[in-house]
1. Output the residues belonging to the stretch 63-78 that are crowded, with 18+ Cβ neighbours inside 10 Å and assigned to a loop (DSSP other than H, G, I, E, B).
2. Filter the stretch 82-100 for residues that are in contact (Cβ under 8 Å) with a residue 60 or more places away in the chain and within 15 Å of the chain's Cα centre (by Cα) and give the result.
3. Does Gly91 meet the test of being more than 24 Å from Gly31 (Cα to Cα) and touching a helix residue (DSSP H, G or I) at 6+ places or on another chain (Cβ under 9 Å)?
4. Which of the residues belonging to the stretch 23-62 are more than 22 Å from Glu156 (Cα to Cα) and outside any helix (DSSP H, G or I)?
5. Condition first: touching a helix residue (DSSP H, G or I) at 6+ places or on another chain (Cβ under 8 Å) and under 19 Å from Trp117 (Cβ atoms). Can you find one or more residues in the stretch 43-63 that meet it?
6. List every residue pair whose Cβ atoms sit under 9 Å apart, with the two residues 6 or more apart in sequence or on different chains, where the first one lies in the stretch 56-80 and is in contact (Cβ under 8 Å) with a residue 12 or more places away in the chain and closer than 21 Å to Thr17 by Cα and the second, anywhere, is among the acidic types (Asp, Glu) and part of a helix (DSSP H, G or I).
Amino acid sequence: MRRNGNGPIIAIDLDGTMGAFHEHFLHFAEGWYGREMPDPWDINPGLPLHKFMGSSKRTYRQCKLAYRQGGMKRSMPCYPGSSEMVRALRGRGAEVWICTTRPYLSLDNIEPDTRHWLRRNGIQYDGVVFGENKYRDLVKQAGKDRVVAVLDDLPEMCDQAISLAIPTYLRGQPYNRHYMKAPRIETMGTAREAFELELDTWKAEHGKS
């Protein structure tokens, strides 16, 4: 299948899904706060990150702003297999759209930092959607019928995709172990397998080869 603007779309989150955001951010926060932070692999039963860190929300937001303004998003580690997964899906005719809650409208460097990270890590993509309503916005832009599946690490974002009746997968992390509404994906290889099955189903339903 060729990518002609009418084909299937796989929507994938960045922070915590393809990139190791929490480990990276908590390491930065140790220097910013001047104290030890929790181990990112400690089980966090659904607590907001600022509570897990033992911080007020206001101070946490100041730290996160410093992280973003300092261009730290550019150096976030990429999970193994991410670029290979995306390349394989696009090779099978899917469009890959990056969907992130990053607030690009309020920070001038967010969009270029995001595109730099994608390019540096060899992540091919066909579109990017920013904002808290990213899956609703994707459906408005592309049409719900084209969105084959979603992969995200945040329960609230999975809830958003599920509310739109989109097949949704949870990128397994210590902080989302309590979430049971979506199948759990632990590696990019497993994500690729799940998405390929979803693509096969979509193609069969739409008479595509």
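The values are calculated or read from the model by the stated rules, or taken from the named source; none is laboratory data. Given the structure is predicted, the values throughout are model-derived calculations rather than measurements. For neighbour counting, all protein chains shown are included, and Cβ atoms are generated from backbone atoms with ideal geometry for every residue, glycine included.
1. Of everything in the stretch 63-78, just one residue is crowded, with 18+ Cβ neighbours inside 10 Å and assigned to a loop (DSSP other than H, G, I, E, B), namely Met76.
2. At the first step, the residues of the stretch 82-100 found to be in contact (Cβ under 8 Å) with a residue 60 or more places away in the chain are 82, 84-86, 88-90, 92-100.
If the condition is that a residue be in contact (Cβ under 8 Å) with a residue 60 or more places away in the chain and within 15 Å of the chain's Cα centre (by Cα), then Ser82, Met85, Val86, Val96, Trp97, Ile98, Cys99, Thr100 are the ones that fit.
3. Working: more than 24 Å from Gly31 (Cα to Cα): yes; touching a helix residue (DSSP H, G or I) at 6+ places or on another chain (Cβ under 9 Å): no.
Answer is no for this residue.
4. The initial filter retains those residues of the stretch 23-62 that are more than 22 Å from Glu156 (Cα to Cα), namely 27-39, 59, 62.
Selection gives Gly34, Arg35, Glu36, Met37, Pro38, Asp39.
5. Looking through the stretch 43-63, none of the residues is touching a helix residue (DSSP H, G or I) at 6+ places or on another chain (Cβ under 8 Å) and under 19 Å from Trp117 (Cβ atoms).
6. Arg68/Asp113; Gly71/Asp113; Met72/Asp113; Lys73/Asp113; Arg74/Asp113; Met76/Glu23; Pro77/Glu23
Table: residues versus (1) under 23 Å from Phe21 (Cα atoms); (2) of a type in the set (D, E, K, R); (3) surrounded by fewer than 20 Cβ atoms within 10 Å (Cβ to Cβ).
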{"residue": "Val148", "(1), (2), (3)": "no, no, no"}
{"residue": "Asp152", "(1), (2), (3)": "yes, yes, no"}
{"residue": "Leu164", "(1), (2), (3)": "no, no, yes"}
{"residue": "Leu170", "(1), (2), (3)": "yes, no, no"}
{"residue": "Pro183", "(1), (2), (3)": "yes, no, yes"}
{"residue": "Glu186", "(1), (2), (3)": "yes, yes, yes"}
{"residue": "Glu193", "(1), (2), (3)": "no, yes, yes"}
{"residue": "Leu199", "(1), (2), (3)": "no, no, no"}
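Yes or no, residue by residue, for (1) modelled with pLDDT of 95 or more; (2) among the aliphatic types (A, V, I, L, M); (3) not in a helix (DSSP H, G or I):
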{"position": "Arg119", "(1), (2), (3)": "yes, no, no"}
{"position": "Tyr125", "(1), (2), (3)": "yes, no, yes"}
{"position": "Asp137", "(1), (2), (3)": "yes, no, no"}
{"position": "Ala149", "(1), (2), (3)": "yes, yes, yes"}
{"position": "Ala161", "(1), (2), (3)": "yes, yes, no"}
{"position": "Leu170", "(1), (2), (3)": "yes, yes, yes"}
{"position": "Ala182", "(1), (2), (3)": "yes, yes, yes"}
{"position": "Arg192", "(1), (2), (3)": "yes, no, no"}
{"position": "Phe195", "(1), (2), (3)": "yes, no, no"}
